[in-house]
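Reading through the structure tokens given below for one structure.
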Amino acid sequence: MDEYLGLTAFLESAWQELNAPDADRRHFCLDAISDVLETGRLTQNDAERSVERLVAVAFSDEGYPVREASLHAACTAATHYELPYQVVKPLAVGASGFEPLLLTYVLAILGSTHDQAALPIVQRFHNHPHPEVRREVEEAVHELRWSGEPSSQ
């Protein structure tokens, strides 16, 4: 079997297992998805589809560990793929609803898009009460200003 087909088959198997009733098993599946994304070997299209699914899990009624694992995996993808703002835009829209640790992932993902459309969303959290969030705001703003990419809204 071709290496890429094996990688995508493993990824699809992990997505299927995400329907398991056990939260620990779902968390494990998300870790496996993160591992695949970390390889950087998926096509851009496959990576974007995976991130869209991860974003949906982050907004689900799942427990905190599963939602955290989904955002961690999306953050991993953002370090290995150039994610368009449109793919992660739901995170921008719902950013205010995330707990502080999860919000740090959201801000990192938004910053990695290098799209100026994310800048006002990130800057809204400049005075957040949690220092980790404020640090991530600074890093994301730096990333967004450094790139200066035009908005693709």
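The values are calculated or read from the model by the stated rules, or taken from the named source; none is laboratory data. Treat the numbers as computed from the prediction; the structure is a model and nothing was measured. Because the Cβ atoms are built from the backbone with ideal geometry, glycine has one as well, and the counts that use them run over all protein chains shown. The protein model used for the area step is the full one, side chains on, heavy atoms only, and it has no ligands, DNA or RNA in it. Shrake-Rupley method; radii C 1.70, N 1.55, O 1.52, S 1.80 Å.
Residues of segment 70-86 being buried (at least 23 other Cβ atoms within 10 Å of the Cβ) and of a type outside the set (S, T, N, Q), which ones?
L71, A73, A74, A77, L83
Counting only residues that are within 23 Å of L101 (Cβ to Cβ), out of contact with any helix residue (DSSP H, G or I) (no Cβ under 7 Å at 6 or more places or on another chain) and not charged (D, E, K, R), which one in segment 4-58 is most open to solvent (accessible area, probe 1.4 Å)?
Step by step, filter segment 4-58, then rank; the result is F28.
Report, by residue number, each residue of segment 115-129 that is in a helix (DSSP H, G or I) and open to solvent by 20 Å² or more (accessible area, probe 1.4 Å).
Restricting attention to segment 115-129, the residues satisfying the condition of being in a helix (DSSP H, G or I) are 116-123.
Result: Q116, L119, P120, I121, Q123.
Out of the residues in segment 99-114 that are within 18 Å of E138 (Cβ to Cβ) and not in a helix (DSSP H, G or I), state the one that is farthest from the chain's Cα centre (by Cα).
For segment 99-114, the residue satisfying everything is H114.
If a residue must be in a helix (DSSP H, G or I), open to solvent by less than 50 Å² (accessible area, probe 1.4 Å) and within 15 Å of E52 (Cα to Cα), how many such residues does segment 87-98 contain? Break it down stepwise before answering.
Just the residues of segment 87-98 that are in a helix (DSSP H, G or I), to begin with: 87-93, 95-97.
Checking the rest, the ones that are also open to solvent by less than 50 Å² (accessible area, probe 1.4 Å) come to 87-88, 91-92, 95.
In the following step, the residues that additionally are within 15 Å of E52 (Cα to Cα) were identified as 87-88, 91-92.
Qualifying residue count, segment 87-98: 4.
Taking V106, is it modelled with pLDDT of 95 or more, β-branched (V, I, T) and open to solvent by 60 Å² or more (accessible area, probe 1.4 Å)?
On the way: modelled with pLDDT of 95 or more: yes; β-branched (V, I, T): yes; open to solvent by 60 Å² or more (accessible area, probe 1.4 Å): no.
Criteria not met by V106.
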